[in-house]
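Enquirer: Starting off with a structure, shown below.
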């Protein structure tokens, strides 16, 4: 998988049956700058024009955008536009990754483990705090008996963590049906397991809960995946969507990212917005409105379009200005 550059447009529109007097929102819609992901430009547009805007980097390092629209309006449109180059290495075979077992990883992050003493001080470094936070249950990644029972076969004694990850992603892909509308943001793991259906957020949360329950640090990653049209057909605008996947910590390799929905390792088709403990830390958009409206309509479209950048001399260049 070679480097890929994308024009990214994420448009969210809310339409109300009565005027909204004011709207206050917070968005995580601007991609992160990362060693394997370069952001050439990014901007968040809000209509009507906000009376106040601000940006800050949140606890997890994500860019969080705030806006306040105080003019009466019946429609609110939030559009994020970015130009991003992603250059992740080609998928490495499992045999090339460190072979630490899942028990080794769990022991490393326990008090007194090798991860604690690696900083030479025997204390809790910032990196260790991040790892231990990624072990805790959360609202969307709960430790339940059904999750424990479902995940147990993947965690055979002495099994390398990379094999556990491969098995979990394969099982989610084979045993669960991707079915939009089958769940909501309040759906639980137990409901997803019972109906054997859900969407990418559900599958990411289930995998994260399984890993954390067995002592392996894992976090939720929010972003986009380039979708491919059927052979011979053009890609439809608005066909892409927000996506979610999983990063698990493996000593010697760092955070290894896998996509349970598609049973694959994350490559240059994926654009990262941000990460956190679960979806609640990185929802694309949330806010509060003041209105007498009884009904509203939501419309979301995402376009992730591969492009080639050229410099002033017409040569292809991923860093060319635009």
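Enquirer: Taking 0.36 nm per intervening residue step and subtracting the Cα-Cα distance, what contour gain separates residue 139 from residue 45 on full extension?
Expert: Extending this stretch completely gives an extra 30.7 nm.
Enquirer: Please order 138, 242 by the number of other Cβ within 10 Å, starting at the fewest.
Expert: So the ranking, lowest neighbour count to highest, is 242, 138.
Enquirer: Moving on to the next point. By count of other Cβ within 10 Å, fewest leading, how are 307, 9, 192 ordered?
Expert: With the fewest neighbours first, 307, 9, 192 line up as 307, 9, 192.
Enquirer: If a/c stays under 1.5 just call it rounded; otherwise compare a/b with b/c (prolate if a/b is bigger, oblate if not). Do that for the chain, with a ≥ b ≥ c from the square roots of the Cα gyration tensor eigenvalues.
Expert: Cα axes put the chain in the prolate bin.
Enquirer: Compute the helix-to-body angle for 161-175: its Cα long axis versus the longest principal axis of the chain, expressed 0 to 90° and rounded to tens.
Expert: With rounding to tens, the tilt is 60 degrees.
Enquirer: May I pose another question? Within 10 Å of each residue's Cβ, count the other Cβ atoms and sort 289, 208 from fewest upward.
Expert: Arranged by neighbour count, lowest to highest, 289, 208 become 289, 208.
Enquirer: What does the helix-only formula give at 222 nm for the chain: each DSSP H stretch with n ≥ 4 adding -39500 (n - 2.57), the total divided by the residues, and the result rounded to the nearest 500 deg cm²/dmol?
Expert: Helices in the chain give a 222 nm mean residue ellipticity of -5500 deg cm²/dmol.
Enquirer: Could you tell me the calculated FRET efficiency between residue 87 and residue 149, based on Cβ-Cβ distance and R0 = 56 angstrom, to the nearest 0.05?
Expert: 0.90
Enquirer: Rounded if a/c is under 1.5, else prolate if a/b is larger than b/c, else oblate: which is region 94-266, with a ≥ b ≥ c the root eigenvalues of its Cα gyration tensor?
Expert: Taking the square roots of the gyration eigenvalues as a ≥ b ≥ c, region 94-266 is prolate.
Enquirer: Classify region 172-293 as rounded, prolate or oblate from the Cα gyration tensor: take a ≥ b ≥ c as the square roots of its eigenvalues, call it rounded if a/c is under 1.5, otherwise prolate when a/b beats b/c and oblate if not.
Expert: rounded
Values in this text are rule-based calculations from the coordinates and carry no lab data. What you are looking at is a predicted structure, and each value in this text was computed from that prediction instead of being measured. Ideal geometry is used to build each Cβ from the backbone, glycine not excepted, and the neighbour counts take in all protein chains shown.
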